[in-house]
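Scroll down for the structure; my scribbles are underneath it.
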Amino acid sequence: MPKSTSQIAIVVESETVLENSIALLNSLQQNSQLQISFIWIPGNPRNSPISTIKSKITQISHPYPISIVNSNEELVNAPLDAIAYIPHHANPNPTLPKLPSTSEPWIVPWLPSLDFPPETAIAKSPQPLAWIADATWFRRRFANADIANADIPTLYRLAEDFPELAWYGGTSATPQPDNFPDKLRVCAIVPHLGCEPWLFQCLHSLVHQTRPLDEVVVVDDASPTPPVEIVSQFPAVKLLRSPKRVGPYRLVQQVIEETDADAYLFQDADDFSTRDRLATLLYLMYNHNADLVGTQELRIMESQKTVIPVCYPLDVNLALAEKPGHPLIHPSSLLRRDLVMQLGGFATGLKFGGDTEFLLRANFLARIVNTSSFLYCRRKRPNSLTTTPETGLDSPARTQLLQQLKFRARQNLHAKQNGEILDLTPLSVAPRLTLFTALSSPKSN
């Protein structure tokens, strides 16, 4: 998958969605590699007999053989490559996402058409999102489900209940140019504290990147029990731990200083990536001669049990020239080592907000961009750094720090405009740590 022609069943749950799907089919007519074999209606839509729906479909001018499947048995036996689900109120983009060529069970979120903000991140209003999944996996997992009564998993449920599922961003092919440095070493760094329920999914998404990582390091922030059992399921992943609780930026900086990668891919331990994230970011980094590149975000809202797109500016430098906002999500990013060293590293004395602090300094030295693709899946959950009362986004401590960082950024902008020396040193620096492997005994620093 995909073959020269891809056969897709579109699952819809209401007549309204069917009508939208019919309009969508008209938009997809020019796709010569697409064969929509079935539109499947689970149960009889209210006030609309099947004969009426069939009549509507036959009125469409399209090159695809379209028919209706009336039962789960027919769906299971249909010769399909993919199954797409368009829930009520969803409005997927008329352009079909690129479907992956892989033997893994896969899923591609089928997002609506979205605009990217010029200055800072914007979370879109919660609404159901469509998706496209590997037909073989779907039918194996849901063969006994009551699909005729719309017992179809939402995107949120797929993210939460199936950690082995390979997510893709629907990106176009990103072959590396002939002169791209193919020996570029990339290390992924995963700071960890209390994220055991999600760590398997996090690491599974990293070790199966379409462009393999050269190294993956989990660095534990003095958990009572380091996640040895989870990490041991991934022999290529290294587990380090801190002798005391210091926050993620001190850990990240220590790993960078102790490794020799050319670039670093960040990821939080409760999040996961699409399989095409690294390949896409490397391509973006090369094409824009950039030092720091990020992605758009799919935010998994645990309290609302939904997934929403969060859009970031494509040109981060331009966004920060307007005002010091929130134009890039740090754990979604890929960063060149040279930039870290040039800036003196992260502010290791900060236990939160160090990503914003680094970005506001990097803006004055680096080319920074975001891809338009949604390649990073981030959980918004209780008891994280951004949601706890002590360090949450609306907490007094974070508000005070943010005001300090923005004031410093404005001072540097003024200095640049007047040809004066900029202060790009880290705001707060802590002593170096000694990190230990999970099986060794930590010593006090």
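The values are calculated or read from the model by the stated rules, or taken from the named source; none is laboratory data. Everything quoted here is computed from the prediction, not taken from an experiment. Cβ sites come from the backbone with ideal geometry, for glycine too, and all protein chains shown count toward neighbours. When the accessible area is computed, the model is the full protein with side chains, heavy atoms only, and any ligands, DNA or RNA have been set aside. Shrake-Rupley method; radii C 1.70, N 1.55, O 1.52, S 1.80 Å.
For E229 and K183 in the same chain, what is the full-extension length gain: residue separation times 0.36 nm, less their Cα-Cα distance, in nm?
Between E229 and K183, full extension yields 13.4 nm more.
If I stretch the segment between S101 and E119 completely, what's the gain in nm (0.36 nm per residue apart, minus their alpha carbon distance), one decimal?
Length difference between fully extended and current span is 2.9 nm.
If r is the Cβ-Cβ distance from D214 to H414 and R0 is 51 Å, what FRET efficiency results, to the nearest 0.05?
On the way: r = 41 Å, r/R0 = 0.80.
Given R0 = 51 Å and the Cβ-Cβ separation, E is 0.80.
Order the following by accessible area, largest value first: T102, T371, T225, T210. Probe radius 1.4 Å; ligands, DNA and RNA are ignored.
In descending accessible area the options line up as T225, T210, T102, T371.
If you count only protein heavy atoms and use a 1.4 Å probe, how large is the accessible surface of I152, to the nearest 10 Å²?
It works out to around 20 Å².
Suppose R0 equals 22 Å; then what is the FRET efficiency for H89 and D161 from their Cβ-Cβ distance, rounded to the nearest 0.05?
That pair, H89 with D161, gives E of 0.50.
Heads up, I need the accessible area for K238: 1.4 angstrom probe, whole protein in place, Å², nearest 10.
Around 90 Å² of this residue is reachable by solvent.
In what sequence, largest accessible area first, do R277, R398 appear using a 1.4 Å probe?
Ranked from most to least accessible, the order is R398, R277.
Suppose accessible area is computed on protein heavy atoms with a 1.4 Å probe; arrange S373, S55, S101 from highest to lowest. Working shown, then result.
Details: S373 20, S55 50, S101 100 Å².
Output order, biggest surface exposure first: S101, S55, S373.
What full-extension length gain, to one decimal in nm, is calculated for T399 and N289 as 0.36 nm per residue of separation minus the Cα-Cα distance? Please list the in-between numbers first.
On the way: separation 110, 0.36 × 110 = 39.60 nm, distance 3.36 nm.
The T399-N289 span can extend by a further 36.2 nm.
Treat each spin label as a single point 7 Å out from the Cα along the C-beta direction, and report the M301 to T259 distance in nm.
3.4 nm
Evaluate the distance, in nm, between pseudo-label points positioned 7 Å from the Cα of R245 and of M341 along their respective Cα→Cβ axes.
Simple spin-label model gives 3.4 nm for this pair.
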